[in-house]
Amino acid sequence: AGAVAAIIFNNAAGEIGSTVGGMVIPTFKMSGLDGVAMYQEMIVGNNKVTFTMDYLGCMESVADFSSRGPVVATWMIKPDVCAPGVDIISTVPTHNPAAPHGYAIYQGTSMSSPHVAGAAALLAEAHPDWSVDDIKAALMNTAVGLTDPYTGAPYPHNTQGAGSIRVDKAIETKTLVAPGSYSFGVFDKAKGKQAERQSFAIKNLSDQRVQFSLDVQFPDGIKVNASKNLNVGPGKTQQVDLLVQVDASALAPGYYEGVIMLSAGEEEIRVPAILFVGDPDYPLLGGAGLADFGDQYLIELYLPGGADAVFLDLYTLDVQPVAELIEDYNVPAGYAEYYWDKTASGQELPPGTYYMVAFIYKGDRAEGWILDEVVVP
């Protein structure tokens with residue numbers, strides 16, 4: 001009571017990773033080593049401390065828990081863009097009329113999505129004649145590509161999308177390129193040389209005719225030819241055709257990134273592009289949910305690429321098999337629903353808590369997943 005400031009130091013040598021919410025006085029946090037050193041000075045009477053603060057800078061980086069792409073089946077780049085989403089302080093509802101003003105620190109999609117939604121709202125206000133696709137293109141075309149501060153390498157397209165949004169640049173842009181990212185799909189290594197046709201649109205928002213130059217950068221073995229006439233009139237939209245030629249037999253199986261660079265004067269638009277050689281590597285199970293309805297369980301599985309076979313089995317909590325419950329074959333891509341009546345083929349099971357385990361098979365791939373605990377009464 002009556003404190004004018006607080007200093008909190010860690011109980012271990014390193015820094016404190018958490019934050020303190022609802023701070024009403026200046027609050028400082030310190031590492032355990034610094035805190036103990038300060039405390040030892042204070043107990044001998046040295047209670048006046050001077051220190052300096054250096055600004056170390058803060059580079060934008062992608063959180064390790066941020067979702068990565070691509071979209072299974074279409075193999076499109078995801079995310080589309082990045083936005084601030086770690087340790088963001090914002091308003092929150094209090095549901096208390098006596099104290100209506102609430103603040104909290106959150107992270108994840110709950111914080112990054114409002115940033116993008118707010119940016120889109122500003123664009124819609126500045127350009128009421130823009131379509132949804134125009135707003136999306138503006139945010140993607142003017143985003144800034146991010147570099148991993150630990151490796152010095154650019155983040156993959158399926159980690160950052162087009163990059164970190166810059167709403168001021170998006171509002172002022174004179175060119176829109178849509179779509180703002182590209183996937184040329186999957187190329188079969190056994191088929192050797194293959195080609196894929198794609199196109200994108202350039203919209204010139206200025207009142208002047210603009211001559212654009214195009215540069216496509218991909219690793220060796222991947223060639224991209226584009227339309228030669230990139231002279232777009234004021235307020236006009238022009239389609240640009242792309243022919244992607246891939247010698248899949250000469251490339252190692254895997255994921256390949258490229259960039260389509262469109263420039264006119266000082267304006268430069270970077271469009272990320274990807275393709276795959278051979279079957280892309282992705283989890284056979286993209287998500288699962290279990291719901292207990294008393295007399296039965298609903299098990300919902302998301303199978304991004306479908307499955308040749310799905311087995312649902314019951315295991316003990318020390319992962320010993322108990323019973324085979326459900327078999328399904330030739331399961332299409334998407335969501336699959338199964339109901340289990342808490343028996344093993346009609347035979348009662350000993351009461352207790354078990355693991356529901358899913359085995360997914362597709363081609364020469366097989367995966368096993370512990371879905372969740374289930375209770376047999």
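Beta carbons closer than 8 Å, at least 6 apart along the sequence or on distinct chains, pair a first residue in the range 1-20 that is over 15 Å from Leu33 (Cβ atoms) and part of a strand (DSSP E or B) with a second that is of a type in the set (S, T, N, Q) and at pLDDT 75 or above for Ala6/Thr27. Taken together, the residues in the range 324-335 that are surrounded by 11 or more Cβ atoms within 10 Å (Cβ to Cβ) and more than 20 Å from Ala291 (Cβ to Cβ) amount to 3.
If you go through the range 145-165 and pick out every residue that is surrounded by fewer than 21 Cβ atoms within 10 Å (Cβ to Cβ), outside any loop (DSSP other than H, G, I, E, B) and either small (Gly, Ala, Ser) or in contact (Cβ under 8 Å) with a residue 24 or more places away in the chain (or both), you end up with 3.
Looking only at residues of the range 336-360 that are surrounded by 13 or more Cβ atoms within 10 Å (Cβ to Cβ) and within 14 Å of Val310 (Cβ to Cβ), we find that the one that is farthest from the chain's Cα centre (by Cα) is Trp340.
Residues that are at pLDDT 95 or above and over 17 Å from Gly352 (Cβ atoms) within the range 297-323 comprise Leu298, Ile299, Glu300, Leu301, Ala307, Asp308, Ala309, Val310, Phe311, Leu312, listed in sequence order.
Within the range 170-185, at least one residue is part of a loop (DSSP other than H, G, I, E, B) and among the hydroxyl-bearing types (Ser, Thr, Tyr). Annotation: of all residues in the range 104-123 being touching a residue at least 40 places away in the same chain (Cβ under 8 Å) and touching a strand residue (DSSP E or B) at 6+ places or on another chain (Cβ under 6 Å), the one that is surrounded by the most Cβ atoms within 10 Å (Cβ to Cβ) is Ile105. Considering the range 250-281, and only residues there that are touching a His at 6+ places or on another chain (Cβ under 8 Å) and crowded, with 18+ Cβ neighbours inside 10 Å, the residue that is farthest from Gly221 (Cα to Cα) turns out to be Pro272. Could you check, for the range 189-199, whether at least one of its residues is assigned to a strand (DSSP E or B) and in the same structural domain as Gly118 (by TED's automatic domain parsing)? No, that holds for no residue. Check Leu325, Leu312 and return the single one that is closer than 30 Å to Asp279 by Cβ, among the aliphatic types (A, V, I, L, M) and within 32 Å of the chain's Cα centre (by Cα). After ruling out the rest, the residue left standing is Leu312.
The values are calculated or read from the model by the stated rules, or taken from the named source; none is laboratory data. Just so we're clear, the structure is a prediction, and the values are computed from it rather than from any experiment. Quick reminder, even Gly has a Cβ in these numbers, built from the backbone with ideal geometry, and neighbours come from all protein chains shown.
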